[in-house]
Amino acid sequence: MIRPIATTREATGIPTGRLAVWWVIASEIVIFGGLLGSYLMHRLGHPEWAYQSVHTNTAAGAFNTFVLLTSSLFAVLAHDAAEHKDGKKAAKYLMITCLGGLTFLCVKGAEWTHEIREGFTLTSNTFWSFYYTAAGLHGIHVIAGMIIMLFVAADAAKGKELQRVENIGIYWHFVDLVWIFLFPLLYIAK
């Protein structure tokens, strides 16, 4: 099988796919960093936000934290299986990781439905604008990670492109890390 030069050339000593994932993550850090930085600046300047953040569902946020951290464990297990050339096991663990992402999104959907019914919408005030923007942007990244993971799992199940398991795992850990910052800022800091 002939592989494209873009996947075989490693001038940096880092596999091209892994380097690409790190470049994507670097750009995402700029996006989330700007969003979280502006959130913190506004939060410090508006102590009345504490009255709005009381209405977030801390139990749902904590449960989603547990779900994402558990899904990261399965991403690590998938990577380990791929390292041992066990594509079927890697695919199984990636599917469990996707199930964690789906659970996260379902909980977030139920949480948002409740909050919107209570009158806390994107246009309610600046706190809720930041809340929905940050959590929504994170949710989009969860969806993107799950879609890519399903393609990687399909190839892994056939024993193909097992190096991609590590790459999607790196991305998934980044998505989880972003949530580790969002959870205390949006739910705990009252």
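Quick note: the coordinates plus some simple rules give every number you see, no bench work behind them. Treat the numbers as computed from the prediction; the structure is a model and nothing was measured. Counting neighbours? That spans all protein chains shown, and the Cβs are built from the backbone with ideal geometry, glycine included.
Remarks
- Summed side-chain charge close to Ser124 - residues other than Ser124 whose Cβ falls under 11 Å, Lys, Arg +1, Asp, Glu -1: -2
- Computed from Cα positions, the angle between helix 16-45 and the longest principal axis of the chain comes to roughly 10 degrees.
- Build a GNM of the chain with springs between Cα atoms under 10 Å apart, and of Asn167, Asn57, Asn125 the one that fluctuates most is Asn125.
- Top of Tyr131, Tyr51, Tyr171 by mean-square fluctuation, Gaussian network on the chain, Cα under 10 Å: Tyr51
- Dividing the summed -39500 (n - 2.57) terms of all DSSP H runs of n ≥ 4 by the residue count of the chain sets its mean residue ellipticity at 222 nm at -27000 deg cm²/dmol.
- Selection from Val152, Val30, Ala75, by position along the positive dipole direction of the chain (Cβ): Val152
- Its relative contact order, with pairs defined as Cα atoms under 8 Å and 6+ residues apart, puts the chain at 31 percent.
- Checking [x] 20; [y] 30; [z] 12 against the coordinates, the calculated percent of Cα pairs over 29 Å apart falls under label [y].
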